[in-house]
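Q: Sharing a structure here in structure tokens format.
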Amino acid sequence: MQIYNDYKGHADFLTVYVREAHPTDEWQMKSNVKDDVCYVQPKTLEQRMAIANDFTKRFKYPLPFGVDDMANAADLAYSAWPERLYIIDENGRIAYRGGMGPFNYKPAEARAWLAGRYGEVKHPEKTEIAPKKS
Amino acid sequence: MKLFLKWALGVVLVLAVVAAGAISYMAGSPKDALYMVRYAFPHMHRGTLKVGDDAPDARLLALDGQTRFHIRERTAGRPLVLVFGSFT
């Protein structure tokens, strides 16, 4: 969430939880079993809210958050599933439309848009400390 | 003519095997490839939104389970970065 920390002074951020990508009753991934992220596809808004809350608590997720309704209105309007990034400008127009995740989910592109407008935020490279020779 | 059909069938089979192999590689396994075809492929060219279009609106529910708000309420004054996704 480096992009959020770097640009939250210039732009607003909103995470929108949409229907699950890899629930246990559809296309479950081995990595989710390994990470203990196993949920069935929610059938009610309460189930969706419970998963969204699990997610934000587990990762101490700092971004403002909203949950899509069971008609999947946000997902359908933005072709969002399974994951996708957008930037909407001050005039309410699409300024950036990311590709469909995971293969074309590219936060670096959204970051480049923000950097183009507000300047690049650089981070000093982490330097490894060499172990002392005895 | 028969020879042509044999060759055409052979080429189609080879292409099908190559495509299945490529999708399996991308997805991680043949089983995941089947799921990818079933769940992901129908979404790949979904939607017609493009840069410059008016951003659509949708009503969301906040994590408190009570507060409802619209995406477009959040677009006044500053750019809005929308991050769509799920837990899994």
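Q: Would you please list the contacts, defined by Cβ atoms under 8 Å and residues six or more apart or on different chains, that run from a residue in region B:61-82 that is free of Cβ contacts under 8 Å to residues at least 40 places away in the same chain to a residue that is among the small types (G, A, S) and assigned to a helix (DSSP H, G or I)?
A: B:L63/A:A52; B:I71/A:A74; B:V81/A:A110
Q: Any idea which residue in region A:1-20 is nearest to the other protein chains (Cβ to nearest Cβ), counting only those that are over 23 Å from A:N72 (Cα atoms) and in a loop (DSSP other than H, G, I, E, B)?
A: In this case the residue turns out to be A:A11.
Q: When you look at A:P23, is it farther than 27 Å from B:R72 by Cβ and facing chain B (nearest Cβ under 7 Å), yes or no?
A: Against the criterion (farther than 27 Å from B:R72 by Cβ and facing chain B (nearest Cβ under 7 Å)), A:P23 qualifies.
Q: Restricting the search to region A:99-117, which residues are at pLDDT below 95 and surrounded by 18 or more Cβ atoms within 10 Å (Cβ to Cβ)?
A: Matches in region A:99-117: A:M100, A:G101, A:Y105.
Q: To continue, here is another question. Just checking: which of the helices (runs of 4 or more DSSP H) contained wholly in region A:41-134 hold 1 or more residues that are more than 9 Å from chain B (Cβ to nearest Cβ) and over 20 Å from the mean Cα position of the chain (by Cα)?
A: A:107-118
The values are calculated or read from the model by the stated rules, or taken from the named source; none is laboratory data. If you're wondering where the values come from, they're calculated on a predicted model, not measured in any experiment. Positions of Cβ are backbone-derived with ideal geometry, glycine not excepted, and every protein chain shown enters the neighbour counts.
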